[in-house]
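One structure below.
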Amino acid sequence: MVNHIKSNKFLFICIGIIFIASFFASIVQTSFGSVNIQLKKLETDDGQTLVYDLYKPKSANSSNKVPFVVVVPGFQRSKEALSNIAIELSRRGFAVALIDPYAQGMSSSSTTRFAATDQGYGMFPLVDYAYEGNFDFVDTNKIGSTGHSMGGNAAIRGADYFGKEAIKLNKKSKLDSVFVSGYVLTLRDNILKDSKSNMGISYALYDEGAFRNELKGWDAANMEIAPESLRVINNILEKDSQIDRVELGKYYGSKDNNNLRVIFNEKLLHPFQPYNKEATANQINYFDRVFGFPNKLEPNDQIWQFKELLTLINMVVSLIMLIPLTRMLLRINLFKEIIKPIPDALPVQSKRSRIVFWIIFFISASIACITFIPMVDIAKVLFADAANRELTWFFPQRMNNSVMLWAALNGTIGIVIFLLSFYFFGKHHGVKKKSWGLKVSKKELTKTIILGILVFSIYYGILFINYFIFHIDYRFWFMGVRVFQPEMLLVLLMYFPLFFIFFFSNSLRVNGSMRFKNQSEWQSRLIAGFANSLGLILIIVIQYVTYAFTGTVYWTTNWLSVNLLFGIVPMMFILPYFNRIFFNMTGRVYLGPIITCLIFIMILSTNTVIYLPIK
């Protein structure tokens, strides 16, 4: 028993760190125990379900009712991605519902193709539910909503939807106040005229999506002069007092008349706006102004950053944990057979072989860069239902479909280049096929597959236990390893084969063409990391260098697909590290891509929109 503990000491340390970090993250998330958090599900119309986290201050009850705010994440985001604002509002005494938008996270798909516009991503029925008195601790005169990006559009549409209802019934709007972050496209007269909600607008000065706004270039995101922000203010002013330049941070109108307006314009990029202290403080100030906090705290008194740090530790340590976990399982008699001697490394690089290596390196990176956006366009044709937000079981993940095609194409090209370089150069310069680590029997391969599935199952099993105990997953900002519903296993099986081409290709190249005698491991792995991610990094560089010089991003139609790369590039960079480590464990190239493909694709699949048919 003692020997068993010693041999698995590193694994136990990793698990211990995850649970300790989660414990402290839960303390921050619950504002040091003053807020209860429950996972809730609301059955809405036509079989739809909305999953949300309910943050309820312990002081709130039927005799001490508090304001209620629905937090709506944006496109491609789950509820945990905006836990920061839920933490800050709830620790100040608000009840908060942090939702998984329809077709994202654990909520069902929507019955409409325009879920944010028509249903507020599920916010509309939840506001109705709260207003009808189903939460006895909520002050129904103080219901609000906030959201970022497409979640901000949901907030705008909520002001319009409930405003129209209020006009029809000659009553006060159910949605007293909204705060809109990162979205101004629907700030139009026909939307604003019926709003009966107080409204705060926060837009990033360097928002990449501003090319869609009415002005062009850098002026498009300047909220002092933008037509969108001017309309928000002038909509509630008399004609003779209307303005031609907005004073940022100034409150116009009156909260008593439900026409209070304020505009903020933080110096940020679009995806990072929710994770900024100034932007969060502006939102806190707004809700203090319209509702008043039961617990008075300064706007800059924020603790959400500590939760982000702790869940980042979770994410990093959980991935490191895969190494000792796999080593432990390899000691089981069933899997000992798949452990083979590590094949000899490739011969020491000559001057000529270095030239060939770096030519292939940059050609591969260029191909990866050039092919990404075309794959985005091709995916729209091949997977038309998902691209058009129609419910389907046929590759239902709109954004991941393009990544999958890119991965399959570049994985195939990588294998072709690998083989061509061997037959035309490598085999004439001392490279032997046995160094690739390809030789395997059917029995060994079957056991390798079983081991990969077992590692995946234990990895996510620990996550589910951790989430059940602490309501904490592994994440940093918009990148996260999160729990999932059972049908996601079917989705994983659907996407695995084409993605596996890329993961296997990477393992083959990392271990069969980037492993040289007398080259240090750290250097070899670092080069492999850049080789696997440089093409995607170049796309980001092109996008933002163009933006810096012109005020408009290079790729406009597919700018969201480029934004997606912020979460993919880190995975692409660390992938070769894992493929080398698992290769060194088994002497073969198969275990690494099986484990990493299962885990990384589940991470991608649970952090994107998915248009599965409603049960």
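The values are calculated or read from the model by the stated rules, or taken from the named source; none is laboratory data. Everything numeric here is computed off the predicted structure, so don't read it as measured data. We place every Cβ from the backbone using ideal geometry, glycine too, and count neighbours over all the protein chains shown.
Checked against (1) more than 26 Å from the chain's Cα centre (by Cα); (2) surrounded by 12 or more Cβ atoms within 10 Å (Cβ to Cβ); (3) closer than 30 Å to residue 444 by Cβ, residue 349 passes all but condition (3). For region 243-251, the count of residues that are free of Cβ contacts under 8 Å to residues at least 24 places away in the same chain, exposed (fewer than 15 other Cβ atoms within 10 Å of the Cβ) and either hydrophobic (A, V, I, L, M, F, W, C) or within 30 Å of residue 64 (Cα to Cα) (or both) is at least one. Taking the criterion of being assigned to a helix (DSSP H, G or I) and buried (at least 19 other Cβ atoms within 10 Å of the Cβ), the residues of region 582-591 that qualify are 582, 583, 586, 591.
Yes or no, residue by residue, for (1) free of Cβ contacts under 8 Å to residues at least 60 places away in the same chain; (2) assigned to a helix (DSSP H, G or I):
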position: 194; (1), (2): yes, no
position: 199; (1), (2): no, no
position: 215; (1), (2): yes, no
position: 220; (1), (2): no, yes
position: 224; (1), (2): yes, no
position: 230; (1), (2): yes, yes
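Do we have residue 399 as out of contact with any Pro (no Cβ under 6 Å at 6 or more places or on another chain), at pLDDT below 90 and at negative phi here? For residue 399, the condition - out of contact with any Pro (no Cβ under 6 Å at 6 or more places or on another chain), at pLDDT below 90 and at negative phi - is met. Condition test on residue 350, is it at pLDDT 90 or above and of a type in the set (Ser, Thr, Tyr)? Here the answer is no, as residue 350 does not meet what is asked.
The criterion of at least 1 residues that are without any contact (Cβ under 8 Å) to a residue 40 or more places away in the chain and in contact with a Leu (Cβ under 7 Å, 6 or more places away or on another chain) is met, among helices (runs of 4 or more DSSP H) falling completely within region 346-435, by 351-382. Screening the candidates 198, 282, 235, 190 for the property of being polar (S, T, N, Q), within 30 Å of residue 170 (Cα to Cα) and within 32 Å of the chain's Cα centre (by Cα) yields one hit, 198. If the condition is being surrounded by fewer than 20 Cβ atoms within 10 Å (Cβ to Cβ), in contact with a strand residue (DSSP E or B) (Cβ under 8 Å, 6 or more places away or on another chain) and at pLDDT below 90, then region 515-539 contributes 516, 517. In region 152-175, of all residues being touching a residue at least 60 places away in the same chain (Cβ under 8 Å) and buried (at least 24 other Cβ atoms within 10 Å of the Cβ), the one that is nearest to residue 209 (Cα to Cα) corresponds to 152.
In summary, helices (runs of 4 or more DSSP H) completely within region 1-94 and bearing 1 or more residues that are outside the structural domain of residue 144 (by TED's automatic domain parsing) and touching a residue at least 24 places away in the same chain (Cβ under 8 Å) occur at 2-7, 9-29.
Output yes when any residue across region 497-514 is under 27 Å from residue 310 (Cβ atoms) and either buried (at least 17 other Cβ atoms within 10 Å of the Cβ) or modelled with pLDDT of 90 or more (or both), and no when none is. Before the answer, list the steps.
Within region 497-514, the first condition is being under 27 Å from residue 310 (Cβ atoms), and the residues that meet it are none.
No, that holds for no residue.
Take region 540-553 and flag every residue that is surrounded by fewer than 16 Cβ atoms within 10 Å (Cβ to Cβ) and of a type outside the set (A, V, I, L, M, F, W, C). Those that are surrounded by fewer than 16 Cβ atoms within 10 Å (Cβ to Cβ) and of a type outside the set (A, V, I, L, M, F, W, C): 546, 550.
Count of region 108-130 residues, restricted to those that are part of a loop (DSSP other than H, G, I, E, B) and among the hydroxyl-bearing types (Ser, Thr, Tyr), is 5. Evaluation of residue 399 against the conditions (1) in contact with a helix residue (DSSP H, G or I) (Cβ under 7 Å, 6 or more places away or on another chain); (2) over 17 Å from residue 498 (Cα atoms) shows that the sole unmet condition is (2). Identify all residues within region 156-180 that are part of a helix (DSSP H, G or I) and either of a type in the set (Gly, Ala, Ser) or under 17 Å from residue 125 (Cβ atoms) (or both); write none if there are none. Result: 157, 158, 159, 160, 161, 162, 163, 164, 165, 166. Of everything listed in (1) buried (at least 16 other Cβ atoms within 10 Å of the Cβ); (2) under 24 Å from residue 30 (Cα atoms); (3) at pLDDT 95 or above, the single unmet condition for residue 305 is (1). Every condition in (1) in contact with a Lys or Arg (Cβ under 7 Å, 6 or more places away or on another chain); (2) part of a helix (DSSP H, G or I); (3) buried (at least 24 other Cβ atoms within 10 Å of the Cβ) is met by residue 105 except one, and the failing one is (2). Put simply, of 463, 438 the only residue that is in a helix (DSSP H, G or I) and of a type in the set (A, V, I, L, M, F, W, C) is 463.
Of everything in region 255-290, what is of a type in the set (Phe, Trp, Tyr) and modelled with pLDDT under 95? Give them in sequence order.
If we filter region 255-290 for residues that are of a type in the set (Phe, Trp, Tyr), which is where we start, we get 264, 272, 275, 286-287.
If the condition is that a residue be of a type in the set (Phe, Trp, Tyr) and modelled with pLDDT under 95, then 272, 275 are the ones that fit.
In region 288-310, the qualifying residues are those that are within 19 Å of residue 66 (Cα to Cα) and assigned to a helix (DSSP H, G or I), and the one that is nearest to the chain's Cα centre (by Cα) is 288.
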